[in-house]
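The values are calculated or read from the model by the stated rules, or taken from the named source; none is laboratory data. Small disclaimer: the values here were computed from a predicted structure and weren't measured. Here the Cβ positions follow ideal geometry from the backbone for every residue, glycine too, while neighbour counts run over all protein chains shown. To get the accessible areas, we keep the full protein, side chains included, count just its heavy atoms, and leave off ligands, DNA and RNA. Shrake-Rupley method; radii C 1.70, N 1.55, O 1.52, S 1.80 Å.
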Amino acid sequence: MDLLLDTDCVIAACVPEAAPSPDAAAAITRCLDEDGTVWLYAGAAQSYEDGVLRALQDTAEHRVAEAQTRLARQRLECFTQDKQWLAALGGDFARFDAPDPARERLLNALDRLPRGAVKILTRDEIFVAAHAEQAISPAGYLALPPAVRRIDFIDLPAQQAAIRPQLEAQIHRVLHHGRYILGPEMEELEQRLQAYTGAAHCISVASGTEALLISLMALGVGPGDEVITTPFTFVATAEVICLVGARPVFVDVEPDTCNINVDKLEAAINSTTKAIIPVALYGQPADMDAINTIAAAYGLPVIEDAAQSFGASYRGVKSGNLSTIGCTSFFPSKPLGCYGDGGAIFTNDGELAQTMRELRVHGQARRYVHTRVGVGGRMDTLQCAVLLAKLDRFDWEIERRIAIGRRYSELFAAAPHITTPVIRPDRTCVFAQYTLQVPNRDGVVDALQSRGIPSAVHYPIPLNVQPAYQHLCCPDCTPVAARLAARVISLPMHADLSESAQDLIAEAVIACVRE
Ligand SMILES: *Cc1c(COP(=O)(O)O)cnc(C)c1O
């Protein structure tokens, strides 16, 4: 359980010599030790400071007023380091004539946090008795059974905690300027992403799927055309091909990288082929130079589906900027995720970029002049603002992901029956998923679940045998994808995954595979 601190507990923790309550300090320490969050309420900051100062004044030492003020601030500065500030919002202050306005505000603020997961920690037993659902005393908290350690597949709350001030400032800025569509944050984001990938143009769009769809529309792919892609990917890759009226042609994948097998690519090209969509599966780019060379020989454009690989590089160039067009997704669980849907398109072709910008806004060349059939495919300003807050930490996150992926592979190196992901030496993988191959995969998934370790399968059914797509392809023509679909299992992966959690996961996986 997380805690929101009442002023009396802040005083007890900061001035133990004046307000002896070892319980309050112990409760706070225990919450942090159990990976819980200790919240401070921004609306109570002044009362925290006043309270700590008054408590210091009550002690015999530190008689000089200035020294006391300095000491109070030092103690608070130190105390707040590993805590989270819960924003004070206007509505919290609606009632100044409440019987206990400070507590009323605290209750209003608590109401924004998930119900039951957080309680106000207070030494006021009368308040606890009156609000048993919302408040708990230090002694009451210390009497709770120890929290079970939870392992998350992706830990978005930890990331949020690390960037909360920037995030809240960005979101509030949008609330106040009110340009919810095509606002200044969108332009800033496009510039930053463009600079990050090195591509000449970046067009933010409503999702990764929309990015792929707009790309195909811009290239004029339509009925009667074929588009070559992989069957071992998220469904959106093939879906967009069908949506523009073309036919997906599935080329089998490599057994080690799980990416499209370039050796089988050329045989799939014919006179109706209009484009190739390789996918950077799990965050590792496909062999883009080889694909581009074949495509160039046939005059075909290449769209990289970089939905899982934003931040990865191939021969020193960032994923997304490796072919005619690159598409990425900012779905919350992707390596760079917003708090809703979002995506981006990259290209070095100015004319294509202009076309895609117009397609994104209903094919509009000027206000209410529609020169082509487009879509409503913009990314909203709030989502752009969220990404701006996340970008400052992104390079660190990518380094962490790469290091965590490497460490997983070391932990599994000697384990029998476990195949670790292969990363080619000329590229990096950002591990949108860290995916192993194991025998009896479904059994391993169940065994892990019973040990409280989440896992996922990316992907259990290749697209060429999906009900909606199976008529497009012979079921047996991609045997490698079929074998992978039965063997892959993705493990928890996020930049804040601790070594101890990783050790726990690895031990469990090794044990479950052995069973
Ligand atoms: C997530 C994903 C998409 C779709 O992105 P959305 O933003 O969810 O529309 C497309 N292709 C691949 C490979 C993906 O992983």
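Return the total of residues in the stretch 272-313 being away from the ligand (no atom under 16 Å from the Cβ) and in contact (Cβ under 8 Å) with a residue 60 or more places away in the chain. If you could, list the steps in order and put the result at the bottom.
If we filter the stretch 272-313 for residues that are away from the ligand (no atom under 16 Å from the Cβ), which is where we start, we get 272-274, 287, 289-290, 292-301, 313.
Subsequent filtering for residues that are in contact (Cβ under 8 Å) with a residue 60 or more places away in the chain retains 287, 301, 313.
Number of matching residues: 3.
Could you run through the stretch 427-466 and say how many residues are away from the ligand (no atom under 15 Å from the Cβ), assigned to a helix (DSSP H, G or I) and closer than 23 Å to Asn259 by Cβ?
Residues meeting the conditions: 3.
Exactly one condition in (1) at pLDDT 95 or above; (2) crowded, with 16+ Cβ neighbours inside 10 Å is false for Ala72; which is it?
Among (1) at pLDDT 95 or above; (2) crowded, with 16+ Cβ neighbours inside 10 Å, the lone unmet condition for Ala72 is (1).
Considering every residue within the stretch 360-369, establish whether at least one is more than 12 Å from the ligand (Cβ to nearest atom), open to solvent by 10 Å² or more (accessible area, probe 1.4 Å), farther than 23 Å from Gln191 by Cβ and in contact with a His (Cβ under 7 Å, 6 or more places away or on another chain).
Yes, the stretch 360-369 contains at least one residue that is more than 12 Å from the ligand (Cβ to nearest atom), open to solvent by 10 Å² or more (accessible area, probe 1.4 Å), farther than 23 Å from Gln191 by Cβ and in contact with a His (Cβ under 7 Å, 6 or more places away or on another chain).
Can you find, within the stretch 324-351, the residue that is farthest from Thr293 (Cα to Cα) among those that are open to solvent by 20 Å² or more (accessible area, probe 1.4 Å) and touching a strand residue (DSSP E or B) at 6+ places or on another chain (Cβ under 9 Å)? Please lay out each step first, then the result.
Here is the first cut: in the stretch 324-351, the ones open to solvent by 20 Å² or more (accessible area, probe 1.4 Å) are 324, 331-334, 339-341, 348-351.
In the following step, the residues that additionally are touching a strand residue (DSSP E or B) at 6+ places or on another chain (Cβ under 9 Å) were identified as 324, 331, 334, 340-341, 348-350.
Values: Thr324: 12, Phe331: 31, Lys334: 29, Gly340: 36, Asp341: 33, Asn348: 17, Asp349: 18, Gly350: 21 Å.
In this case the residue turns out to be Gly340.
Which number in (1) closer than 25 Å to Thr80 by Cβ; (2) surrounded by 11 or more Cβ atoms within 10 Å (Cβ to Cβ) marks the one condition that Leu182 misses?
(1)
Does the stretch 317-328 contain at least one residue that is in contact with a helix residue (DSSP H, G or I) (Cβ under 6 Å, 6 or more places away or on another chain), within 11 Å of the ligand (Cβ to nearest atom) and not β-branched (Val, Ile, Thr)?
Checked against the condition, which is being in contact with a helix residue (DSSP H, G or I) (Cβ under 6 Å, 6 or more places away or on another chain), within 11 Å of the ligand (Cβ to nearest atom) and not β-branched (Val, Ile, Thr), the stretch 317-328 yields at least one hit.
Can you say whether Leu391 is under 19 Å from Leu189 (Cβ atoms), surrounded by fewer than 20 Cβ atoms within 10 Å (Cβ to Cβ), at pLDDT 95 or above and of a type outside the set (Ser, Thr, Tyr), as far as the supplied structure shows?
On the way: under 19 Å from Leu189 (Cβ atoms): yes; surrounded by fewer than 20 Cβ atoms within 10 Å (Cβ to Cβ): yes; at pLDDT 95 or above: yes; of a type outside the set (Ser, Thr, Tyr): yes.
Criteria met by Leu391.
May I ask you to verify whether Glu304 is surrounded by 18 or more Cβ atoms within 10 Å (Cβ to Cβ), of a type in the set (Asp, Glu) and either assigned by TED's automatic domain parsing to the domain that holds Pro223 or farther than 24 Å from Gly224 by Cα (or both)? Reasoning before the result, please.
Values: surrounded by 18 or more Cβ atoms within 10 Å (Cβ to Cβ): yes; of a type in the set (Asp, Glu): yes; either assigned by TED's automatic domain parsing to the domain that holds Pro223 or farther than 24 Å from Gly224 by Cα (or both): yes.
In short, yes.
Have a look at Arg406, Arg424, Arg393 and point out the one that is among the basic types (Lys, Arg), away from the ligand (no atom under 16 Å from the Cβ) and assigned to a loop (DSSP other than H, G, I, E, B). If you could, list the steps in order and put the result at the bottom.
Details: Arg406 fails: assigned to a loop (DSSP other than H, G, I, E, B); Arg393 fails: assigned to a loop (DSSP other than H, G, I, E, B).
Just a single option satisfies the conditions, and that option is Arg424.
Which of (1) buried (at least 21 other Cβ atoms within 10 Å of the Cβ); (2) assigned to a helix (DSSP H, G or I) does Thr293 not meet, given it meets every other one?
Unmet condition: (1).
Just one of Ala200, Ala211, Ala218 is closer than 24 Å to Thr371 by Cβ, surrounded by 24 or more Cβ atoms within 10 Å (Cβ to Cβ) and more than 16 Å from the ligand (Cβ to nearest atom); which is it?
Working: Ala200 fails: surrounded by 24 or more Cβ atoms within 10 Å (Cβ to Cβ); Ala211 fails: more than 16 Å from the ligand (Cβ to nearest atom).
Going through Ala200, Ala211, Ala218 in turn, just one is closer than 24 Å to Thr371 by Cβ, surrounded by 24 or more Cβ atoms within 10 Å (Cβ to Cβ) and more than 16 Å from the ligand (Cβ to nearest atom): Ala218.
Say we look at the stretch 237-264 and pick out the residues that are hydrophobic (A, V, I, L, M, F, W, C) and surrounded by fewer than 21 Cβ atoms within 10 Å (Cβ to Cβ); which of these is farthest from the ligand (Cβ to nearest atom)? Spell out the reasoning first.
Residues of the stretch 237-264 that are hydrophobic (A, V, I, L, M, F, W, C), as a first pass: 238, 240-244, 246, 249-251, 253, 258, 260, 262.
Narrowing further to those that are surrounded by fewer than 21 Cβ atoms within 10 Å (Cβ to Cβ): 242-244, 262.
On the way: Cys242: 14, Leu243: 12, Val244: 15, Val262: 18 Å.
That would be Val262.
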